[in-house]
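Comments concern the structure below.
The values are calculated or read from the model by the stated rules, or taken from the named source; none is laboratory data. Small disclaimer: the values here were computed from a predicted structure and weren't measured. Heads up, the Cβs are rebuilt from the backbone with ideal geometry, glycines too, and the neighbour counts pull from every protein chain shown.
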Amino acid sequence: MERNRPAAPTPLADVTLIGRHTQQRAVVVKAFIRAEGFVGAQALHNRLAADGSPVGLSTVYRTLTALADAGRADMVRDTSGERLFRYRPGPDHRHYLLCTECGLSRPVDSGPVEDWADTIARTSGFANVRHTVELSEVCPDCGRQRATAEHR
């Protein structure tokens, strides 16, 4: 028997979390949710433009940043330093292992990191402590491809 779970927030609810509701923000949020996985603002803007959406790049950047600030997106940096965002459907903050070759992401158990951050916040007297943990390397598939290419 399945437990009753609260309904997932709607994209409209996410838009209202980040300020005034606008049609452009709603379009960005909906496209972001559909993107599945980490995506950069430029890549998301390119997808919107290809679909004929007139949303500007600065609106995409501001919306993704606001979603991250509101706890509705996770953010990592790729090897070039670009910020990549992933939609977070629930309130739980997550950490990911990110492949530097193909961009594959896997959530990791971040309990020890969260416990450590909570302890630091509690013992330091600081309030609203935030943290960033970025784990990146080459995934097993890309590692095998790289090894095969090196042996040729």
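One residue stands out in region 32-54 among those that are over 25 Å from E101 (Cβ atoms) and of a type outside the set (D, E): the one that is surrounded by the most Cβ atoms within 10 Å (Cβ to Cβ), namely L48.
Could you tell me whether region 48-62 includes any residue that is in contact with a Cys (Cβ under 8 Å, 6 or more places away or on another chain) and not in a helix (DSSP H, G or I)? Even if it seems obvious, please write down each step before you answer.
If we filter region 48-62 for residues that are in contact with a Cys (Cβ under 8 Å, 6 or more places away or on another chain), which is where we start, we get none.
No: zero hits.
One residue alone among R152, R144, R106 is over 20 Å from G71 (Cβ atoms), part of a helix (DSSP H, G or I) and out of contact with any Cys (no Cβ under 7 Å at 6 or more places or on another chain), and that residue is R144.
Take V113 and tell me if it is surrounded by 14 or more Cβ atoms within 10 Å (Cβ to Cβ), closer than 14 Å to E134 by Cα and either at pLDDT 85 or above or β-branched (V, I, T) (or both). Full working, then the answer.
Values: surrounded by 14 or more Cβ atoms within 10 Å (Cβ to Cβ): yes; closer than 14 Å to E134 by Cα: yes; either at pLDDT 85 or above or β-branched (V, I, T) (or both): yes.
Answer is yes for this residue.
For region 86-103, indicate whether the set of residues that are aromatic (F, W, Y) and part of a helix (DSSP H, G or I) is non-empty. There is no residue in region 86-103 that is aromatic (F, W, Y) and part of a helix (DSSP H, G or I).
Going by the conditions given, is S124 closer than 25 Å to I18 by Cβ, outside the structural domain of A41 (by TED's automatic domain parsing) and either without any contact (Cβ under 8 Å) to a residue 12 or more places away in the chain or small (G, A, S) (or both)? For S124, the condition - closer than 25 Å to I18 by Cβ, outside the structural domain of A41 (by TED's automatic domain parsing) and either without any contact (Cβ under 8 Å) to a residue 12 or more places away in the chain or small (G, A, S) (or both) - is not met. For L57, the conditions (1) more than 18 Å from Y96 (Cβ to Cβ); (2) among the hydrophobic types (A, V, I, L, M, F, W, C); (3) touching a residue at least 24 places away in the same chain (Cβ under 8 Å) are fulfilled apart from (3).
Could you tell me which of the residues T100, T119 is modelled with pLDDT of 90 or more and either of a type in the set (S, T, N, Q) or over 28 Å from L44 (Cβ atoms) (or both)? Even if it seems obvious, please write down each step before you answer.
Values: T100 fails: modelled with pLDDT of 90 or more.
The unique qualifying residue is T119.
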